[in-house]
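Working notes for the structure below.
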Amino acid sequence: CIAMYASDTDPSHPMLSPIHGRFAGLPPVLLQVSEDEAVFDDSMLAAFLARQQGGQLEVQTWQGLPHVWHLLAPQIPEATLAIHRIGQFIGKVLGDED
């Protein structure tokens, strides 16, 4: 899959794998990740690296959900709740928590 996704690009290029990038200077970031998906460990590493570099980062972990479960809203309540929490995060960042 890497060859199809990356083509001739080095797999450690930050555009393909954010854990190899710089987090300093980014706006606040929200990561929502299922503890059961393949990118969970990389998400936790990205959170660690972002905080280490002074970034503002919030991680929300979920259990038993597939990658990109948000696409399943409104069929599954967790997807609807995750999208709602995204809205709350944006409101907090913009100073409008209503």
Practice item. Take region 73-92 and flag every residue that is within 18 Å of Pro28 (Cβ to Cβ) and either loosely packed, with under 12 Cβ neighbours inside 10 Å or among the basic types (Lys, Arg) (or both). Key: His84, Arg85, Gly87, Lys92
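Just checking, which of Val33, Val93 is under 13 Å from the mean Cα position of the chain (by Cα) and of a type in the set (A, V, I, L, M)? Before you say what the answer is, go through the steps one by one.
On the way: Val93 fails: under 13 Å from the mean Cα position of the chain (by Cα).
Exactly one residue qualifies, and that residue is Val33.
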Exercise for review: Select, from Ala73, Ala38, Ala24, Ala3, the only residue that is within 25 Å of Asp96 (Cβ to Cβ) and either over 14 Å from the mean Cα position of the chain (by Cα) or of a type outside the set (D, E, K, R) (or both).
Suggested key: Ala73
Exercise for review: Quick one: Pro66 ticks every box in (1) within 12 Å of the chain's Cα centre (by Cα); (2) part of a loop (DSSP other than H, G, I, E, B) except a single one, so which number is it?
Suggested key: (1)
Study note, to complete from the structure: Pro18 passes all but one of the listed conditions (1) at pLDDT 90 or above; (2) surrounded by 16 or more Cβ atoms within 10 Å (Cβ to Cβ); the exception is number (1)
Review point. Out of region 21-31, which residues are over 20 Å from Phe89 (Cβ atoms) and either surrounded by 14 or more Cβ atoms within 10 Å (Cβ to Cβ) or at pLDDT 95 or above (or both)?
Key: Gly21
Practice item. Mind listing whichever residues of region 41-63 are among the hydrophobic types (A, V, I, L, M, F, W, C) and within 10 Å of the chain's Cα centre (by Cα)? Key: Met44, Ala46, Ala47, Leu57, Val59
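Quickly run through region 32-58 and pick out the residues that are open to solvent by less than 40 Å² (accessible area, probe 1.4 Å) and either at pLDDT below 95 or in a loop (DSSP other than H, G, I, E, B) (or both).
Taking region 32-58 as the starting set, the residues that turn out to be open to solvent by less than 40 Å² (accessible area, probe 1.4 Å) are 32-34, 37, 43, 46-47, 49-50, 55, 57.
Answer for region 32-58, where residues must be open to solvent by less than 40 Å² (accessible area, probe 1.4 Å) and either at pLDDT below 95 or in a loop (DSSP other than H, G, I, E, B) (or both): Glu37, Ser43, Ala46, Ala47, Leu49, Ala50, Gly55, Leu57.
The values are calculated or read from the model by the stated rules, or taken from the named source; none is laboratory data. All figures in this text were calculated on a predicted structure; none of them were measured in a lab. No Cβ is skipped: glycine too gets one built from the backbone with ideal geometry, and neighbour counts run over all protein chains shown. Surface accessibility is based on the protein's heavy atoms, side chains included, excluding ligands, DNA and RNA. Shrake-Rupley method; radii C 1.70, N 1.55, O 1.52, S 1.80 Å.
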